[in-house]
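What follows draws every value from the coordinates through simple rules; no lab data is involved. The structure displayed is predicted, hence computed values, not measured ones. No Cβ is skipped: glycine too gets one built from the backbone with ideal geometry, and neighbour counts run over all protein chains shown.
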């Protein structure tokens, strides 16, 4: 194992060894060192580590380290990870692009990523999209995000609602259109999102229990949906 006090002034080979160390604290220090003294030759190794790093805090430090490197190097390299087979690689790449915040990455946020089958990838794509989208693309993005209303558990739904709220007035019509969906889960999520659009400090509470009751009983037996 590389001693911690040697990482900050070590040659790249020692830092790379520290990024693979068994202890998460050593990997965290290595990622910190890579961002404190950014060197373009480390970008590839940092991105590769993002794809497999098991510790959340280390991953976040790896992303920070990448934001410290020149955009013209990091953005193209990170974008290549968006097509990776591993969900963590895609998710972390999206997270990193959102933190870099360079608008040139916007075309890489594709519909397939916004609808990714993996919830964590999709959530990262939603967050990255609202950061990177140009002003003239916000309405179209809101319409696309609204197609995902009703997806996932409460955590996933809250992430989507927050992304829509970040789009402000552009999200209103798309969400409102879904508030009368025949699918009770979509309808409940849309109405909860509408409440957040009116008051971002309001609680998020889609009536999933009522939606499930309607699904179980059928709309005829369940009666009219509450407004």
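Computed extension gain for residue 176 through residue 80, at 0.36 nm per residue and net of the alpha carbon distance, reaches 31.0 nm. Each residue in 73, 47 was given a count of other beta-carbon atoms within 10 angstrom of its own, and listing them fewest first yields 73, 47. Sorting 81, 17 from the fewest to the most surrounding beta carbons within 10 angstrom yields 17, 81. A Förster radius of 22 Å combined with the Cβ-Cβ distance from residue 24 to residue 71 puts the calculated FRET efficiency at roughly 0.20.
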